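S.K.: Got a structure here, written out as C-alpha coordinates. Questions coming.
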Amino acid sequence: MKIYFHINTGGFSNTYLVANELTKEAIIIDPGKISEELINQLEENEFTLTALLITHNHGTHSSGIKTLMKIYSPEIYGADYEIAGRKTNVITGEGYLRLANLNIKYTTLPGHTSDSMIYQIGNAIFTGDTISAGKIGSTNSSYSKHILRRNIDEKIFSQQENTVLFPGHGPPTSIAAETKFNMDMN
(Lines give C-alpha, C1' and ligand atoms only; values in the text may rest on other atoms or scores of the structure.)
Protein backbone atom coordinates (compact mmCIF):
# COMPACT_ATOMS: atom_id res chain seq x y z
CA MET A 1 0.00 0.00 0.00
CA LYS A 2 1.21 3.47 -0.85
CA ILE A 3 -0.41 6.70 0.38
CA TYR A 4 -0.23 9.87 -1.71
CA PHE A 5 -1.12 13.22 -0.15
CA HIS A 6 -2.87 16.11 -1.93
CA ILE A 7 -4.01 19.42 -0.45
CA ASN A 8 -7.11 21.38 -1.37
CA THR A 9 -5.87 24.97 -1.03
CA GLY A 10 -9.45 26.27 -1.15
CA GLY A 11 -10.27 24.76 2.23
CA PHE A 12 -6.80 23.61 3.26
CA SER A 13 -8.16 20.08 3.49
CA ASN A 14 -6.32 16.86 2.75
CA THR A 15 -7.15 14.34 0.06
CA TYR A 16 -5.49 10.93 0.15
CA LEU A 17 -4.92 8.57 -2.75
CA VAL A 18 -4.32 5.08 -1.36
CA ALA A 19 -2.95 2.67 -3.92
CA ASN A 20 -2.44 -1.05 -3.99
CA GLU A 21 0.66 -1.16 -6.16
CA LEU A 22 0.32 -4.91 -6.76
CA THR A 23 -3.20 -4.83 -8.21
CA LYS A 24 -2.93 -1.27 -9.60
CA GLU A 25 -6.18 -0.34 -7.84
CA ALA A 26 -6.71 2.80 -5.79
CA ILE A 27 -9.17 4.55 -3.51
CA ILE A 28 -9.44 8.23 -2.70
CA ILE A 29 -10.31 9.42 0.79
CA ASP A 30 -12.02 12.81 1.08
CA PRO A 31 -11.86 14.03 -2.53
CA GLY A 32 -11.82 17.79 -2.09
CA LYS A 33 -10.79 19.85 -5.08
CA ILE A 34 -9.49 17.50 -7.77
CA SER A 35 -6.19 18.70 -9.18
CA GLU A 36 -4.41 17.90 -12.41
CA GLU A 37 -1.66 16.39 -10.25
CA LEU A 38 -4.08 13.90 -8.68
CA ILE A 39 -5.51 12.84 -12.06
CA ASN A 40 -1.99 12.51 -13.48
CA GLN A 41 -0.99 10.34 -10.53
CA LEU A 42 -3.85 7.97 -11.26
CA GLU A 43 -3.21 7.92 -15.00
CA GLU A 44 0.59 7.76 -15.02
CA ASN A 45 0.60 4.88 -12.54
CA GLU A 46 -2.25 3.20 -14.44
CA PHE A 47 -4.31 2.92 -11.25
CA THR A 48 -7.96 1.91 -11.48
CA LEU A 49 -9.99 4.10 -9.13
CA THR A 50 -12.34 1.67 -7.38
CA ALA A 51 -13.80 3.71 -4.51
CA LEU A 52 -14.21 7.06 -2.78
CA LEU A 53 -14.36 7.09 1.03
CA ILE A 54 -15.89 10.17 2.67
CA THR A 55 -15.16 10.93 6.34
CA HIS A 56 -18.01 13.45 6.64
CA ASN A 57 -20.26 15.54 4.46
CA HIS A 58 -18.44 18.87 4.31
CA GLY A 59 -17.73 20.38 0.90
CA THR A 60 -13.99 20.65 1.39
CA HIS A 61 -13.92 16.86 1.82
CA SER A 62 -16.34 15.85 -0.92
CA SER A 63 -16.57 18.58 -3.57
CA GLY A 64 -14.42 16.58 -6.01
CA ILE A 65 -16.87 13.68 -6.29
CA LYS A 66 -18.65 15.10 -9.35
CA THR A 67 -15.39 15.59 -11.23
CA LEU A 68 -14.17 12.08 -10.45
CA MET A 69 -17.52 10.55 -11.44
CA LYS A 70 -17.25 12.20 -14.88
CA ILE A 71 -13.92 10.45 -15.48
CA TYR A 72 -14.11 7.21 -13.49
CA SER A 73 -16.74 4.86 -12.03
CA PRO A 74 -15.79 4.41 -8.38
CA GLU A 75 -18.14 3.26 -5.63
CA ILE A 76 -18.86 5.96 -3.02
CA TYR A 77 -18.94 5.16 0.71
CA GLY A 78 -19.93 7.36 3.64
CA ALA A 79 -22.38 7.69 6.50
CA ASP A 80 -24.59 10.32 4.85
CA TYR A 81 -26.94 9.63 1.94
CA GLU A 82 -26.65 13.27 0.88
CA ILE A 83 -22.99 12.84 -0.13
CA ALA A 84 -23.96 11.58 -3.58
CA GLY A 85 -27.61 10.57 -3.30
CA ARG A 86 -28.45 7.12 -4.66
CA LYS A 87 -24.82 6.56 -5.62
CA THR A 88 -23.77 6.59 -1.96
CA ASN A 89 -23.21 3.25 -0.23
CA VAL A 90 -24.30 4.28 3.26
CA ILE A 91 -22.25 2.64 6.00
CA THR A 92 -22.76 3.06 9.73
CA GLY A 93 -21.48 1.55 12.95
CA GLU A 94 -18.37 -0.56 12.53
CA GLY A 95 -17.48 -2.98 9.81
CA TYR A 96 -15.09 -3.96 7.07
CA LEU A 97 -14.84 -3.26 3.38
CA ARG A 98 -12.61 -4.97 0.83
CA LEU A 99 -11.70 -2.32 -1.73
CA ALA A 100 -8.70 -2.16 -4.07
CA ASN A 101 -7.85 -5.55 -2.60
CA LEU A 102 -7.23 -3.84 0.76
CA ASN A 103 -8.95 -4.58 4.07
CA ILE A 104 -10.54 -1.37 5.34
CA LYS A 105 -12.12 -1.05 8.76
CA TYR A 106 -14.70 1.71 9.05
CA THR A 107 -16.00 3.15 12.30
CA THR A 108 -18.65 5.77 12.96
CA LEU A 109 -17.19 8.49 15.18
CA PRO A 110 -19.75 11.25 15.80
CA GLY A 111 -18.95 14.47 17.61
CA HIS A 112 -17.51 16.81 14.97
CA THR A 113 -20.53 15.95 12.80
CA SER A 114 -23.20 13.30 13.20
CA ASP A 115 -21.94 11.51 10.08
CA SER A 116 -18.20 11.48 10.96
CA MET A 117 -16.46 8.27 9.96
CA ILE A 118 -12.88 7.04 10.27
CA TYR A 119 -11.19 4.47 8.03
CA GLN A 120 -8.32 2.21 9.06
CA ILE A 121 -6.05 0.45 6.60
CA GLY A 122 -3.23 -1.43 8.31
CA ASN A 123 -1.57 0.94 10.78
CA ALA A 124 -3.01 4.06 9.10
CA ILE A 125 -6.21 5.76 10.27
CA PHE A 126 -7.84 8.43 8.11
CA THR A 127 -9.57 10.60 10.71
CA GLY A 128 -11.27 13.36 8.73
CA ASP A 129 -11.91 16.25 11.11
CA THR A 130 -12.29 14.20 14.30
CA ILE A 131 -8.67 14.73 15.34
CA SER A 132 -5.60 16.38 13.86
CA ALA A 133 -2.13 17.21 15.13
CA GLY A 134 -2.60 18.84 18.52
CA LYS A 135 -6.36 19.33 18.51
CA ILE A 136 -9.74 17.71 18.04
CA GLY A 137 -12.47 18.70 15.59
CA SER A 138 -14.79 21.59 16.24
CA THR A 139 -18.17 20.86 17.78
CA ASN A 140 -21.39 22.81 18.20
CA SER A 141 -21.91 22.15 21.92
CA SER A 142 -20.14 21.03 25.07
CA TYR A 143 -22.10 17.76 24.87
CA SER A 144 -20.85 17.10 21.31
CA LYS A 145 -17.31 17.85 22.49
CA HIS A 146 -17.72 15.34 25.31
CA ILE A 147 -19.00 12.70 22.85
CA LEU A 148 -16.13 13.41 20.43
CA ARG A 149 -13.48 13.16 23.17
CA ARG A 150 -14.96 9.89 24.43
CA ASN A 151 -15.12 8.44 20.92
CA ILE A 152 -11.52 9.45 20.17
CA ASP A 153 -10.37 7.88 23.42
CA GLU A 154 -12.28 4.62 22.84
CA LYS A 155 -12.00 4.20 19.08
CA ILE A 156 -8.69 5.83 18.13
CA PHE A 157 -6.47 5.96 21.21
CA SER A 158 -7.18 2.27 21.88
CA GLN A 159 -5.06 1.40 18.81
CA GLN A 160 -1.30 0.77 18.89
CA GLU A 161 0.85 3.82 19.63
CA ASN A 162 2.69 3.58 16.30
CA THR A 163 -0.55 3.94 14.34
CA VAL A 164 -0.31 6.93 11.98
CA LEU A 165 -3.22 9.36 11.87
CA PHE A 166 -3.98 11.05 8.54
CA PRO A 167 -6.29 13.98 9.36
CA GLY A 168 -8.62 16.01 7.18
CA HIS A 169 -6.51 19.12 7.86
CA GLY A 170 -2.85 19.53 8.76
CA PRO A 171 0.07 17.12 8.90
CA PRO A 172 0.00 13.42 9.77
CA THR A 173 0.55 12.53 13.40
CA SER A 174 0.55 9.40 15.55
CA ILE A 175 -1.42 8.01 18.42
CA ALA A 176 1.69 8.23 20.61
CA ALA A 177 2.07 11.96 19.86
CA GLU A 178 -1.60 12.75 20.34
CA THR A 179 -1.98 10.87 23.63
CA LYS A 180 0.96 12.87 25.01
CA PHE A 181 0.54 16.30 23.45
CA ASN A 182 -3.01 16.90 22.23
CA MET A 183 -4.20 19.80 24.38
CA ASP A 184 -7.89 19.11 23.65
CA MET A 185 -7.61 15.55 24.98
CA ASN A 186 -5.55 16.26 28.13
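The values are calculated or read from the model by the stated rules, or taken from the named source; none is laboratory data. Please read all numbers here as calculations on a predicted model, not as lab measurements. Here the Cβ positions follow ideal geometry from the backbone for every residue, glycine too, while neighbour counts run over all protein chains shown. When the accessible area is computed, the model is the full protein with side chains, heavy atoms only, and any ligands, DNA or RNA have been set aside. Shrake-Rupley method; radii C 1.70, N 1.55, O 1.52, S 1.80 Å.
S.K.: What single numbered condition from (1) under 17 Å from M117 (Cβ atoms); (2) of a type outside the set (A, V, I, L, M, F, W, C); (3) open to solvent by 50 Å² or more (accessible area, probe 1.4 Å) fails to hold for G137?
M.R.: (3)
S.K.: Do we find that A19 is in contact with a helix residue (DSSP H, G or I) (Cβ under 8 Å, 6 or more places away or on another chain), under 22 Å from I104 (Cα atoms), among the hydrophobic types (A, V, I, L, M, F, W, C) and in contact (Cβ under 8 Å) with a residue 60 or more places away in the chain in this structure?
M.R.: no
S.K.: I've got another one for you. Tell me which strands (runs of 3 or more DSSP E) are completely within the range 46-120 and hold 2 or more residues being farther than 28 Å from T139 by Cα and either in contact (Cβ under 8 Å) with a residue 12 or more places away in the chain or open to solvent by 20 Å² or more (accessible area, probe 1.4 Å) (or both), or say none if there are none.
M.R.: Fully inside the range 46-120 and qualifying: 48-53, 94-99, 102-108.
S.K.: With E154, E178 as the choices, which residue is open to solvent by 80 Å² or more (accessible area, probe 1.4 Å) and at pLDDT 95 or above?
M.R.: E154
S.K.: Taking the criterion of being in contact with a Lys or Arg (Cβ under 8 Å, 6 or more places away or on another chain) and more than 18 Å from F126 (Cβ to Cβ), would at least one residue in the range 83-92 satisfy it?
M.R.: For the range 83-92, residues in contact with a Lys or Arg (Cβ under 8 Å, 6 or more places away or on another chain) and more than 18 Å from F126 (Cβ to Cβ): absent.
S.K.: Just to be sure I understand, how many residues within the range 25-35 are surrounded by fewer than 20 Cβ atoms within 10 Å (Cβ to Cβ) and modelled with pLDDT of 95 or more?
M.R.: Residues meeting the conditions: 1.
S.K.: Here is a follow-up. Regarding G95, is this residue touching a strand residue (DSSP E or B) at 6+ places or on another chain (Cβ under 7 Å) and modelled with pLDDT of 95 or more?
M.R.: yes
S.K.: Here's a follow-up. Criterion first (open to solvent by less than 50 Å² (accessible area, probe 1.4 Å), under 16 Å from H58 (Cβ atoms) and either modelled with pLDDT of 95 or more or assigned to a loop (DSSP other than H, G, I, E, B) (or both)) does I125 satisfy it?
M.R.: When the stated conditions are applied, I125 does not pass them.
S.K.: Which count do you get for residues in the range 157-175 that are open to solvent by 30 Å² or more (accessible area, probe 1.4 Å) and among the aliphatic types (A, V, I, L, M)?
M.R.: 1
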